[in-house]
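See below for the structure under consideration.
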């Protein structure tokens, strides 16, 4: 799975649903994707926070990108602090968010990896997370063949991807390799957000600020189906 900075709750449902989670570091950085940015609630509406990157080639892998020297970690932490300081679970959740933001890591992948593991620790998700470059497969493999390569290397009999992967992967191709392909479909999740209309699809940060750990665990453990 691609690395994302404080991704949405479905990402953590996916981690929790599997026995081994492979986090890609040797994958091309997507300039207009969500690797180093995400959505949060600001004044009752969706807004975006982001981590600026050092200017470099668009063809580099995520593991070869670095955070901008000008990145003001304190400013980002303050932005989220001000947005959520009145949230019911701010006191418990914000230290986790702040710790990830203030990490001194300069490498983009290491910075994101740290944020994902921090959230997993907070939510007691103990699925092993393995970095893709540590798994020996043919470097020439691409797309579906690459995923199957990882499955073979890990001895996997099943593979679970986010629902968006339905457009990318063929059940027939996986079955031919002895792998059962499943997709995780999240159920609609709602919760109070300062009394205003619910804004969906936000970062896990939003979920953490408005919900207790037991409630989030319930969302993660039963708020989806495998199709």
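The values are calculated or read from the model by the stated rules, or taken from the named source; none is laboratory data. Bear in mind that the values here come from a model prediction, so they are computed numbers and not experimental data. Every residue, glycine as well, gets a Cβ built from its backbone with ideal geometry; the counts of neighbours run over all protein chains shown.
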Mind listing just one residue for me: the one in region 140-150 that is touching a residue at least 12 places away in the same chain (Cβ under 8 Å) and surrounded by fewer than 20 Cβ atoms within 10 Å (Cβ to Cβ) and, of those, farthest from the chain's Cα centre (by Cα)?
149
Somewhere in region 85-99, is a residue under 16 Å from residue 37 (Cα atoms) and in contact with a helix residue (DSSP H, G or I) (Cβ under 7 Å, 6 or more places away or on another chain)?
yes
Write out, first by first residue and then by second, each pair whose Cβ atoms fall under 8 Å of each other, whose residues are 6+ apart or on separate chains, and whose first residue, in region 153-165, is part of a strand (DSSP E or B) while the second is modelled with pLDDT under 95 and surrounded by fewer than 16 Cβ atoms within 10 Å (Cβ to Cβ).
161/168
Which residues, taken from region 201-227, are part of a loop (DSSP other than H, G, I, E, B), closer than 25 Å to residue 100 by Cα and over 16 Å from the mean Cα position of the chain (by Cα)?
211, 212
One residue is enough: does region 56-70 have a residue meeting the conditions under 13 Å from the mean Cα position of the chain (by Cα), surrounded by fewer than 18 Cβ atoms within 10 Å (Cβ to Cβ) and modelled with pLDDT of 95 or more?
no
Can you go through 123, 181 and tell me which one is surrounded by 13 or more Cβ atoms within 10 Å (Cβ to Cβ) and without any contact (Cβ under 8 Å) to a residue 60 or more places away in the chain?
181
Can you pull out every residue in region 151-162 that is touching a strand residue (DSSP E or B) at 6+ places or on another chain (Cβ under 9 Å) and surrounded by fewer than 16 Cβ atoms within 10 Å (Cβ to Cβ)?
154, 157, 158
Look at region 25-37 and say how many of its residues are in contact with a strand residue (DSSP E or B) (Cβ under 8 Å, 6 or more places away or on another chain) and either within 20 Å of residue 150 (Cα to Cα) or touching a residue at least 60 places away in the same chain (Cβ under 8 Å) (or both).
6
Note on region 71-105: residues over 26 Å from residue 216 (Cα atoms) and exposed (fewer than 13 other Cβ atoms within 10 Å of the Cβ) are 72, 74, 75, 104
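Conditions tested, residue by residue: (1) exposed (fewer than 15 other Cβ atoms within 10 Å of the Cβ); (2) within 12 Å of the chain's Cα centre (by Cα); (3) modelled with pLDDT under 95; (4) in a helix (DSSP H, G or I).
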site: 10; (1), (2), (3), (4): no, yes, no, yes
site: 14; (1), (2), (3), (4): no, yes, no, yes
site: 25; (1), (2), (3), (4): no, no, no, no
site: 30; (1), (2), (3), (4): yes, no, yes, no
site: 40; (1), (2), (3), (4): no, no, no, no
Single match in 212, 203, 222 (criterion: out of contact with any helix residue (DSSP H, G or I) (no Cβ under 7 Å at 6 or more places or on another chain), surrounded by 20 or more Cβ atoms within 10 Å (Cβ to Cβ) and either over 24 Å from residue 48 (Cβ atoms) or touching a residue at least 24 places away in the same chain (Cβ under 8 Å) (or both)):
203
With the condition kept exactly as written, say whether any residue in region 78-88 is touching a strand residue (DSSP E or B) at 6+ places or on another chain (Cβ under 9 Å), within 15 Å of residue 209 (Cα to Cα) and free of Cβ contacts under 8 Å to residues at least 24 places away in the same chain.
yes
Tabulated pairs, region 38-62, first touching a residue at least 12 places away in the same chain (Cβ under 8 Å) and at negative phi, second in a strand (DSSP E or B) and surrounded by fewer than 13 Cβ atoms within 10 Å (Cβ to Cβ), C-beta under 6 angstrom, 6+ apart or interchain:
39/48
Single condition residue 178 does not satisfy, out of (1) under 21 Å from residue 88 (Cα atoms); (2) out of contact with any strand residue (DSSP E or B) (no Cβ under 8 Å at 6 or more places or on another chain); (3) modelled with pLDDT of 95 or more:
(1)
